[in-house]
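J.: Could you have a look at this structure, given as C-alpha cells, before my questions?
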Amino acid sequence: MIKVSVNGEVKEIREKLNIKELVNELGYTKKGFAIAINTTFIAIASYSETVVKDGDTIDILAPVQGG
C-alpha cells in the first residue's frame, strides 16, 4: 500500500494503480473532470499508462459554472 493525497485528503491505495483504476476505486463515475498529479495535468488518453506513486498529490477537478 502507498499513501497519496487526493484533493487534500491522504488516502492509502494499492501500489501500481494507474489513473483510470484510481478513479474507479474512488468512485468517480461522472465525466467531465480533469486530473493533475503534482500540479501537472494528465491527458485522458494517458490515464491507463500513468501510474500513481507513493507521495503523489492528486487533484481531481470538476468544471464550475458561474456567471
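J.: Scan segment 24-44 for residues that are more than 12 Å from residue 61 (Cα to Cα) and touching a strand residue (DSSP E or B) at 6+ places or on another chain (Cβ under 9 Å) and report the count.
T.: Residues in segment 24-44 being more than 12 Å from residue 61 (Cα to Cα) and touching a strand residue (DSSP E or B) at 6+ places or on another chain (Cβ under 9 Å): 4 in total.
J.: Here's something else I'd like to know. Conditions first: (1) assigned to a loop (DSSP other than H, G, I, E, B); (2) of a type outside the set (D, E, K, R); (3) surrounded by 10 or more Cβ atoms within 10 Å (Cβ to Cβ). Residue 29 passes all but one, so which condition is the exception?
T.: Looking at each condition in turn, residue 29 falls short on (3).
J.: Report the residue count in segment 32-67 for those that are without any contact (Cβ under 8 Å) to a residue 12 or more places away in the chain and in a strand (DSSP E or B).
T.: 2
J.: Something else now. Out of all the residues in segment 28-43, which are at pLDDT 90 or above and not hydrophobic (A, V, I, L, M, F, W, C)?
T.: Scanning segment 28-43 gives 38, 39, 40.
J.: Take the conditions in contact with a helix residue (DSSP H, G or I) (Cβ under 9 Å, 6 or more places away or on another chain) and charged (D, E, K, R) and apply them to residue 11. Does it pass?
T.: For residue 11, the condition - in contact with a helix residue (DSSP H, G or I) (Cβ under 9 Å, 6 or more places away or on another chain) and charged (D, E, K, R) - is met.
J.: Quick one: how many residues across segment 39-67 are within 9 Å of the chain's Cα centre (by Cα) and of a type in the set (D, E, K, R)?
T.: 1
The values are calculated or read from the model by the stated rules, or taken from the named source; none is laboratory data. The model shown is predicted, which means the values in this text are computed figures rather than measured ones. Every residue, glycine among them, receives a Cβ derived from its backbone with ideal geometry; neighbour counts consider all protein chains shown.
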